[in-house]
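Working notes, beginning with the structure itself.
The values are calculated or read from the model by the stated rules, or taken from the named source; none is laboratory data. Everything quoted here is computed from the prediction, not taken from an experiment. Cβ: placed from backbone, ideal geometry, glycine included. Neighbour counts: every protein chain shown.
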Amino acid sequence: MPDSTHETLIIGGGIAGLVLALEIAEQRPVTLLQPSRDALGASRWAQGGIAAVLSPDDDLEAHVADTLVAGDGLCDEAAVRFTVEQGPDAIAWLLSLGVPFTPDPDPEARYPYHLTREGGHGARRIIHADDATGRAVVETLRQHVEHHPHIRLRTDLTAIGLIGDTAGQCRGARCLDEQGRLVELPAADTVLATGGASGLFRHTTSPDPACGEGMLMAAELGAELMNLEFQQFHPTCLFDPDGPPFLISEAVRGEGGHLLDAEGHRFMPEVDPRAELAPRDVVARAIDAEMQRSGREHVWLDVRHLGEDAIRQHFPTIHAHCASRGIDIAHEPIPVVPAAHYSCGGVSTDLEGATTVPRLYAVGEVAGTGLHGANRMASNSLLECLAFARSCARRLRQAAPADSAPLTPWHPGTSLVPETECRTLLAEVRGIMSENVAIVRHDAGLATAERRLAELAERLAPRIAGATPSVALARLWHALRLARLTVASARSRRESRGLHFNPDCPPHGDPAPQPSRVHLSDLVSLND
Ligand code: SIN
């Protein structure tokens with residue numbers, strides 16, 4: 001049994017969770033919860049790489065400035081500066097662990113590893129492992145975690161809620177094992193590394209994205225959530241209605257790929273002087289507009305002019321996947337469509353990952369650190385995972401043991417809500433969000449979403465109180481309430497900014513924009 005006065009519980013085994021576990025395990029006992037579903041989590045699917053100032057021709061101020069521009073006036077500059085400054089050290093640490101980043105074959109290269117370019121970056125600063133960076137980093141970290149004597153890795157449990165105490169602190173998590181039995185994991189400090197909320201939408205860039213479970217679990221303990229309205233849609237997911245979701249990395253445009261309309265013309269240069277390398281919100285909106293204009297279900301991404309050798313060398317994973325789906329990207333353009341990819345908001349934290357609830361921390365996509373503002377710049381997300389997991393570890397290494405305030409009681413019910421019904425209702429939530437709260441949202445659509453989600457919640461709420469806990473039910477109930485908070489955040493922002501584009505509101509209406517902040521208790525007043 002873990003010693004709960006010292007134990008750190010980390011929920012989520014993507015890059016943020018793995019880094020944190022490795023960074024504190026020498027000082028404190030750690031339990032790392034990595035449900036097997038996480039094997040498909042977002043970190044693993046990140047293709048492009050990690051943005052950091054590594055070349056002697058680049059500089060920290062330029063990375064800060066590019067991030068602020070992409071964030072469209074809403075970044076927290078202190079968070080941006082902090083993250084960017086951690087970059088070179090964090091990459092050196094990954095290299096020391098053996099992450100196989102791609103070397104630069106050019107003997108004249110000013111930095112030994114190849115640096116690619118992506119949207120919004122004014123310099124080559126993305127270090128990568130071919131076009132499967134997330135997988136390479138996760139696999140390396142995971143090997144170290146598996147061999148670490150002080151990390152208890154639990155792949156048999158899924159967290160469904162957090163445990164609070166009467167002093168308002170977080171004291172661990174309630175989980176279900178593979179047989180559906182309740183298991184309580186007490187801890188002195190609890191860290192959410194559970195990923196974002198792209199799963200609130202129908203079409204996503206990874207096969208089984210999180211639905212914001214961690215955000216809502218934190219909100220249940222009273223934590224503040226911020227900037228939920230800024231959901232990023234990656235411009236280029238493979239259009240493949242019969243296949244699994246598959247990302248076509250932004251690095252493809254970074255290395256010279258062109259977006260083409262239905263008639264085969266490049267359309268981005270007319271939209272923005274940065275063309276295909278404009279920030280993601282601009283490119284995704286332009287593709288959406290082009291699809292509306294043409295009535296087609298996708299646009300094209302063309303790399304044929306790069307040549308087959310360069311394509312195979314830079315993008316072996318993308319080349320192979322497309323070939324397996326019948327598309328030879330060296331000889332034909334790739335059909336692409338925007339899809340939900342990344343949540344720029346999340347559980348509000350400080351620069352050490354501390355949330356507004358004592359002894360509860362959040363790192364990675366689940367967190368709202370202020371780094372991304374209204375739109376995340378490409379490849380800043382893995383950098384954020386590294387920077388904040390390591391600063392959170394520094395804080396936790398010095399944390400005092402927990403005191404022993406009584407835990408707040410919890411009484412699960414016994415009536416069954418069938419898994420198939422949970423899945424159907426979650427699909428309904430996703431449909432509502434995709435139809436009304438996607439790349440372009442109007443006041444009328446947001447009002448419709450608010451009403452339909454409130455009706456669903458009203459139908460479900462009386463059953464929740466008496467229900468037997470299940471992973472499917474917890475997921476649905478977390479997703480439904482997070483969707484409502486997302487709509488509330490979108491309705492309250494009376495301007496178009498970054499990823500929040502509402503034609504009924506003026507662009508950049510607010511001269512001194514503030515992050516949006518919500519609490520779960522706000523939902524009660526929405527019902528009034
Ligand atoms: C990509 O390779 O385009 C995804 C990486 C990211 O979202 O930063």
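If a residue must be under 22 Å from Gly98 (Cβ atoms) and crowded, with 24+ Cβ neighbours inside 10 Å, how many such residues does segment 4-29 contain? Working first, answer last.
Residues of segment 4-29 that are under 22 Å from Gly98 (Cβ atoms), as a first pass: 10, 13-26.
Among the residues that remain, those that are also crowded, with 24+ Cβ neighbours inside 10 Å are: 10, 13-21, 24.
The number of residues fulfilling the criteria is 11.
Within segment 69-113, can you find the residues that are basic (Lys, Arg) and free of Cβ contacts under 8 Å to residues at least 40 places away in the same chain? Spell out how you get there, then give the answer.
The initial filter retains those residues of segment 69-113 that are basic (Lys, Arg), namely 81, 110.
Within segment 69-113, Arg81 is the sole residue that qualifies.
Any residue in segment 89-100 that is surrounded by fewer than 23 Cβ atoms within 10 Å (Cβ to Cβ), of a type outside the set (A, V, I, L, M), in a loop (DSSP other than H, G, I, E, B) and away from the ligand (no atom under 16 Å from the Cβ)?
Scanning segment 89-100 turns up at least one residue that is surrounded by fewer than 23 Cβ atoms within 10 Å (Cβ to Cβ), of a type outside the set (A, V, I, L, M), in a loop (DSSP other than H, G, I, E, B) and away from the ligand (no atom under 16 Å from the Cβ).
So Asp504 ticks every box in (1) buried (at least 20 other Cβ atoms within 10 Å of the Cβ); (2) touching a helix residue (DSSP H, G or I) at 6+ places or on another chain (Cβ under 7 Å); (3) not in a helix (DSSP H, G or I) but one. Which box is left unticked?
For Asp504, the failing item is (1).
Can you find, within segment 171-226, the residue that is farthest from Leu425 (Cα to Cα) among those that are of a type in the set (Asp, Glu) and in contact (Cβ under 8 Å) with a residue 40 or more places away in the chain?
Start the filter on segment 171-226 by keeping residues that are of a type in the set (Asp, Glu), which leaves 177-178, 184, 189, 208, 213, 220, 224.
Filter once more, so that each one left must be in contact (Cβ under 8 Å) with a residue 40 or more places away in the chain: 189, 208, 213, 220, 224.
On the way: Asp189: 34, Asp208: 17, Glu213: 16, Glu220: 21, Glu224: 26 Å.
Looking at the filtered set, the residue picked out is Asp189.
Just checking, does segment 281-301 include any residue being surrounded by 14 or more Cβ atoms within 10 Å (Cβ to Cβ), at positive phi and either hydrophobic (A, V, I, L, M, F, W, C) or modelled with pLDDT of 95 or more (or both)?
no
Go through Leu460, Leu485 for me and flag whichever is under 15 Å from Gln231 (Cα atoms) and either buried (at least 19 other Cβ atoms within 10 Å of the Cβ) or not polar (S, T, N, Q) (or both). Don't jump to the end; show me each part of the working.
Details: Leu460 fails: under 15 Å from Gln231 (Cα atoms).
Of the residues listed, the single one that is under 15 Å from Gln231 (Cα atoms) and either buried (at least 19 other Cβ atoms within 10 Å of the Cβ) or not polar (S, T, N, Q) (or both) is Leu485.
Are there strands (runs of 3 or more DSSP E) fully within segment 329-376 with at least 3 residues that are under 30 Å from Asp309 (Cα atoms) and within 16 Å of the ligand (Cβ to nearest atom)? List them.
Values: elements: 334-343, 346-348, 360-362.
Qualifying strands (runs of 3 or more DSSP E): 334-343.
Exactly one of (1) more than 16 Å from the ligand (Cβ to nearest atom); (2) surrounded by fewer than 23 Cβ atoms within 10 Å (Cβ to Cβ); (3) outside any helix (DSSP H, G or I) is unmet by Leu32. Its number?
Exception for Leu32: condition (2).
Filter segment 110-123 down to the residues that are within 15 Å of the ligand (Cβ to nearest atom) and in a loop (DSSP other than H, G, I, E, B), then identify the one that is farthest from Thr205 (Cα to Cα).
His114
Name the residue that is modelled with the lowest pLDDT, counting only residues in segment 46-63 that are touching a helix residue (DSSP H, G or I) at 6+ places or on another chain (Cβ under 6 Å) and either within 16 Å of the ligand (Cβ to nearest atom) or part of a strand (DSSP E or B) (or both).
Ala46
Among the residues of segment 306-313, is there at least one that is within 14 Å of the ligand (Cβ to nearest atom) and outside any loop (DSSP other than H, G, I, E, B)? Even if it seems obvious, please write down each step before you answer.
Initially, segment 306-313 is screened for residues within 14 Å of the ligand (Cβ to nearest atom), giving none.
No, because not a single residue in segment 306-313 is within 14 Å of the ligand (Cβ to nearest atom) and outside any loop (DSSP other than H, G, I, E, B).
Just a yes or no: is a residue in segment 410-417 away from the ligand (no atom under 16 Å from the Cβ), in a helix (DSSP H, G or I) and buried (at least 18 other Cβ atoms within 10 Å of the Cβ)?
As a first pass, look at segment 410-417 and keep what is away from the ligand (no atom under 16 Å from the Cβ): 410-417.
From what's left, in a helix (DSSP H, G or I): none.
Looking for residues that are away from the ligand (no atom under 16 Å from the Cβ), in a helix (DSSP H, G or I) and buried (at least 18 other Cβ atoms within 10 Å of the Cβ), one finds none in segment 410-417, hence no.
Considering only residues of segment 124-155 that are touching a residue at least 40 places away in the same chain (Cβ under 8 Å), in a loop (DSSP other than H, G, I, E, B) and more than 16 Å from the ligand (Cβ to nearest atom), which is surrounded by the fewest Cβ atoms within 10 Å (Cβ to Cβ)?
His150
Quick one: in segment 194-218, which of the residues that are within 16 Å of Gly134 (Cα to Cα) and among the β-branched types (Val, Ile, Thr) is modelled with the lowest pLDDT? Spell out how you get there, then give the answer.
So in segment 194-218, the residues within 16 Å of Gly134 (Cα to Cα) come out as 194-196, 205-209.
Then drop every residue that is not among the β-branched types (Val, Ile, Thr), which leaves 194, 205.
Details: Thr194: 96, Thr205: 93.
Within segment 194-218, the match that is modelled with the lowest pLDDT is Thr205.
Given segment 196-284, what helices (runs of 4 or more DSSP H) lie entirely inside it while holding 2 or more residues that are away from the ligand (no atom under 16 Å from the Cβ) and under 19 Å from the mean Cα position of the chain (by Cα)?
Counting at least 2 such residues, we get 213-220.
Exactly one condition in (1) hydrophobic (A, V, I, L, M, F, W, C); (2) away from the ligand (no atom under 16 Å from the Cβ); (3) outside any helix (DSSP H, G or I) is false for Leu22; which is it?
All conditions pass for Leu22, except number (3).
For segment 56-68, enumerate the residues that are crowded, with 16+ Cβ neighbours inside 10 Å, touching a residue at least 40 places away in the same chain (Cβ under 8 Å) and out of contact with any His (no Cβ under 6 Å at 6 or more places or on another chain).
Initially, segment 56-68 is screened for residues crowded, with 16+ Cβ neighbours inside 10 Å, giving 58, 62-64, 66-68.
Within this subset, residues satisfying the condition of being touching a residue at least 40 places away in the same chain (Cβ under 8 Å) are 58, 62-63, 66-68.
Matches in segment 56-68: Asp58, Ala62, His63, Thr67, Leu68.
Out of Ser404, Ser415, Ser379, report the one residue that is closer than 24 Å to Ala210 by Cα and among the hydroxyl-bearing types (Ser, Thr, Tyr). Spell out the reasoning first.
Values: Ser404 fails: closer than 24 Å to Ala210 by Cα; Ser415 fails: closer than 24 Å to Ala210 by Cα.
Result: Ser379 is the single residue among Ser404, Ser415, Ser379 that is closer than 24 Å to Ala210 by Cα and among the hydroxyl-bearing types (Ser, Thr, Tyr).
How many residues, within segment 352-388, are farther than 30 Å from Thr166 by Cβ and among the aliphatic types (A, V, I, L, M)? Give the steps one after another, and end with the answer.
Of all residues in segment 352-388, those farther than 30 Å from Thr166 by Cβ come to 365, 370-387.
Those still in the list that are among the aliphatic types (A, V, I, L, M) too: 371, 374, 377-378, 382-383, 386-387.
Of the residues in segment 352-388, 8 are farther than 30 Å from Thr166 by Cβ and among the aliphatic types (A, V, I, L, M).
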